[in-house]
1. Of Phe681, Phe632, which residue is of a type outside the set (Lys, Arg) and closer than 26 Å to Phe97 by Cα?
2. Within segment 327-334, is even one residue closer than 19 Å to Asp297 by Cα and open to solvent by less than 40 Å² (accessible area, probe 1.4 Å)?
3. For a quick check of your reading of the model, give me the residue pairs whose first member lies in segment 440-461 and is within 12 Å of Phe495 (Cα to Cα), whose second is of a type in the set (A, V, I, L, M) and open to solvent by 60 Å² or more (accessible area, probe 1.4 Å), with beta-carbon atoms closer than 7 Å and at least 6 apart or on different chains.
4. With the checklist (1) outside any strand (DSSP E or B); (2) in contact (Cβ under 8 Å) with a residue 60 or more places away in the chain; (3) of a type in the set (Asp, Glu) in hand, flag the one item Glu522 doesn't pass.
5. I want to confirm something. Restricting to segment 594-635 and keeping residues that are closer than 13 Å to Thr661 by Cβ and part of a loop (DSSP other than H, G, I, E, B), which single residue is least open to solvent (accessible area, probe 1.4 Å)?
6. Kindly indicate which of Val214, Val247 is at pLDDT 90 or above, surrounded by fewer than 16 Cβ atoms within 10 Å (Cβ to Cβ) and more than 22 Å from Val683 (Cα to Cα).
7. Quick one: in segment 350-363, of everything that is in a strand (DSSP E or B) and over 25 Å from Ile121 (Cα atoms), which residue is most open to solvent (accessible area, probe 1.4 Å)?
8. Wholly within segment 142-238, which strands (runs of 3 or more DSSP E) include no fewer than the required count, namely at least 1 residues that are touching a Leu at 6+ places or on another chain (Cβ under 8 Å) and farther than 30 Å from Asn679 by Cβ?
Amino acid sequence: MTKLSSCAVRRFHAVSLLPFVFAAACPVTAFASEEEDRTGYHSKADDEIVVTALRRTSREDVISGVAIVQAEQLVANLRPGLGDSLTHTPGVSATSFGPSASRPVLRGLQGERVKLLSNGIGSIDVSNTSVDHAPVVNPLLAQRVEVLRGPQSLLYGSSASGGVVNVIDRRIPAAVPDEPVHLSAMGGYGSAANERMGAMAAEVPLGGNWVGHVNGSWLKTNDLRIGGHALTPALRSQALASSLLPVEEGAEEIDFAANADLKGKLPNTASETWTAGAGVAYVTDGGNIGLAYSRFDSTYGVPVRFATEPGQGQEAPQIKLRQDRIDARAEITPDSDLIEKVAFRFAFGDYVHSEVEPDGTVGTTFSSKGMEGRLELVQTDRGAWKGVTGTQFVIRDFSVVGEEAFLPKNSTEQVGFFTLQQYDSGPWSLEGGARFEHTRQSSKPDASHPDFFDGLRTFNTFSAALGGAYNIAPGVKLALNGSHTERAPSAEELFANGPHAGTSAYEVGNPDLKTERVWALEGILRANLGAFRFEGSVFHNWYTNFVYEDRTGEIVDGLPEYQVRQAGARLYGFEAEMAATLAKAGAWTFSANGLVDYVHAQIDAVGPAPRIPPLRILGGLTAASPKLDLGFEVEHVFAQNRVAAFETTTADYTLVSLSATWRPLGEDGPLSLILSGNNLFDVNARRHASYLKDYAPLAGRDIRVTARLEL
């Protein structure tokens, strides 16, 4: 377990008092809460309102790519991993390192370039460190998820150059319900992994403008059922050939033939996760202040990278993970002509996970204590001009202990200052933002690891963005934005040097990395013509000092070596989604919807970037009525033949799904029941963005039943 430095502790004590200082010192006037109105628990008017952005902003007015996934949509596509739960969103794929460790991939970018937020504050976990580390963000309790790219991502850090995924819940209530108890609950079953899950959240008025909140969730799965063999045909052939070779004296005896024949189930993918939390808030027409505690506890298996040749090892570790987290929020309106609202958010997280070997011994333990806070000053509107200015800090102390520790003990301290300004004039909208960050990355190895870098790196980065939009016709908007973003390398990219069992790789960082820089352009067309809606975007990014992992071809300690390097790179692509009403007959409405996305990424003088999702097309038909919705969906993912050195191609696949949603108490009733059949033809599908795609396919046929209740 790491300990925060004395400097960090002093900062913690100081910043943790800020919301209470604001609440006591500032007179307040009326304003609307960011997440919802005071009695807005049952309101459906905000389905297209973006709250992660500058303010409560209509999705159609945001000058960048944005997606909103409401609770009902999220429940319909819910999976144990956050990334897999969002893959029906344009431009979103997933790392899919087994069913539990799944992080979103945005426009081909993952890891450090995608910021995961919980109610606007970082997840404070180590999921950015490695793809086998699950993010500590619970989709079971989410009210909505927002995916945001472009200028507004500067509000949340330069590490959000790929985009922001914000999971929004009611951990700290922002409104007082107008009923004795407001209850949200869901439960479900999925056949592919014998998946059982349930979640509950409740808000209770406590009197005197106080409101309490409790939540809990539970998820348990068996090993994942797959639609064919675990290994690709090429690896199966390799394993079968190895099974004919004599076993060398002293070598580990591995049944290569059994590995080649493995199908039906994906070993070591069972999991169990539970969460619990409570919060309290004081809410008035003039502001709110609140505090919450949550616990996340999970045990999950990492899919085995089965050996196919002599000399290869194969490990089947389990990860035991827990996080204790405290969140605080204060929002007030000063009696000022300049500032409409002052908002403060803070979180402290104590995280630890252990990689446990099959015999029960702990191989490596990761521990991280961190805190993050942000202060925002929302300007009073000056005619067509509005904006927000603020500051943000992040402190993290991180340690890896054990026989396979590939990182030294290290600390990250970062402070940022940002502003985002908007100007609306008739059909025109303009938006500009800027962010400055100072980052300190320090490595503090102990004497047992003399090969680790021992020292300090500091970075000063500046990012800026400018965009504009024009209403070319009623309901039709054209937008263009450009940005220059600078990102300081992470501690993992700088200081790694050792074997990592979870990813079966020997990872070597580069302490001499330079600041990563990217120039980006994005064009967007939105059309809302009543019966027809469309949103499409094209983007092009030019990178300098692009950080990537290069497989060197060397084997170190029995593992393939990956070296962190830098080079220029280009990334471009497009994404589009549409929805159209085809016909109406009585109470029924018949609609069609679809999406398409594509990314092309090239590293200068190297070749294609690794793990870039290929072209994808998804289309569906729905028949909707007040009580019953029926849906049919087909997703085709094309083959990926543009691959990096030592990377294998991925075959195309097509997934077919059917669903029915029944609301027995009517359209506005509190209960909905969802029955869905996913991957009905039991296709053996592999997601190219996954490190384990050749060893761990996606789920086979999966029949799911889910109930959702909101009272």
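The values are calculated or read from the model by the stated rules, or taken from the named source; none is laboratory data. Remember, it's a predicted structure, so these values are computed and weren't measured experimentally. Glycine gets a Cβ as well: all are built from the backbone with ideal geometry, and neighbour counts include every protein chain shown. For the accessible areas, the whole protein counts, side chains as well, though only heavy atoms, and no ligand, DNA or RNA atoms are used. Shrake-Rupley method; radii C 1.70, N 1.55, O 1.52, S 1.80 Å.
1. Sole residue among the options that is of a type outside the set (Lys, Arg) and closer than 26 Å to Phe97 by Cα: Phe681.
2. Yes, there is a match, as at least one residue in segment 327-334 is closer than 19 Å to Asp297 by Cα and open to solvent by less than 40 Å² (accessible area, probe 1.4 Å).
3. Close Cβ pairs satisfying both conditions: Ser442/Leu456.
4. (1)
5. Ser625
6. Criteria check complete, one pass: Val214.
7. Among those residues, the one meeting the criterion is Val362.
8. Those strands (runs of 3 or more DSSP E) span 182-190, 195-207, 210-221.
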